[in-house]
Amino acid sequence: MGLNRQDKAAVIEEVSNIVAGSASIVIAEYRGLSVEAVTELRANARKEGVQLRVLKNTLVRRAVAGTPFEGLSDKFVGPLVYGFSADPVAAAKVLVSFAKKNNKLVVKGGAMPDNVLDVAGVEQLATMPSREELLAKLMATMNEPIAKFVRTLNEVPARLARTLAAVRDAK
């Protein structure tokens with residue numbers, strides 16, 4: 001049973017809201033996936049904060065019209081699963097890693113605002129560290145000079161204590 005006009009408008013509006021809050025969209029063809037595989041994929045996506053949706057391509061095409069993701073609409077062909085993510089890397093990581101384990105899921109492309117990615121671009125995006133990892137590396141880099149300075153300052157009294165202990169042991 002098809003959707004009536006009001007239902008289609010509601011789906012378009014819902015997808016438009018999801019797209020507005022997304023930093024990346026990744027699309028993949030899911031033809032031939034078993035129910036268990038799709039359930040596993042959805043569970044992995046949920047853990048990473050990725051919204052996976054199976055939608056009619058024409059409705060998604062209308063939802064992305066006028067958005068920075070509009071260039072991706074040429075790739076909306078066939079049975080597709082759409083991965084929406086606020087983290088630019090998360091959707092690509094989830095779908096690419098699942099596609100490596102299950103060859104029936106085929107990544108078709110993706111997009112970041114005003115930038116359409118081919119399959120190689122999505123795979124490269126999946127290898128990038130996430131925002132949290134990058135922030136952790138930045139904080140470690142910023143923390144290192146201060147920690148080294150504190151260790152240097154601490155070495156003076158520690159050396160004095162070791163010297164006094166050596167003198168005590170010698171006597």
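The values are calculated or read from the model by the stated rules, or taken from the named source; none is laboratory data. This is a predicted model, so every value here is computed, not measured. Positions of Cβ are generated from backbone atoms using ideal geometry, with glycine treated the same way; all protein chains shown enter the neighbour counts.
For this structure, a couple of remarks:
Rundown of residues vs (1) exposed (fewer than 12 other Cβ atoms within 10 Å of the Cβ); (2) within 18 Å of the chain's Cα centre (by Cα), yes/no style:
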| position | (1), (2) |
| --- | --- |
| G66 | yes, no |
| S73 | no, no |
| V81 | no, yes |
| P88 | no, yes |
| F98 | no, yes |
| T127 | yes, yes |
| P145 | yes, no |
| E155 | yes, no |
| A166 | yes, no |
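- Condition met for G66 (modelled with pLDDT under 90 and more than 18 Å from V19 (Cα to Cα)): no
- Selected residue [in the same structural domain as P113 (by TED's automatic domain parsing), surrounded by fewer than 17 Cβ atoms within 10 Å (Cβ to Cβ) and touching a strand residue (DSSP E or B) at 6+ places or on another chain (Cβ under 9 Å)] from V26, V54, V50, V15: V54
- Number of the condition not met by R42 [criteria: (1) in a helix (DSSP H, G or I); (2) of a type outside the set (A, V, I, L, M); (3) in contact with a Pro (Cβ under 6 Å, 6 or more places away or on another chain)]: (3)
- Answer from S97, S130 - the residue that is at pLDDT below 85, closer than 25 Å to A43 by Cα and not hydrophobic (A, V, I, L, M, F, W, C): S130
- Matching option when the condition is of a type in the set (D, E, K, R), at pLDDT below 90 and on the phi < 0 side of the Ramachandran plot, among E48, E13: E48
- When G66, G21 are checked against the criterion of being over 20 Å from D118 (Cα atoms) and touching a residue at least 24 places away in the same chain (Cβ under 8 Å), a single residue qualifies: G21.
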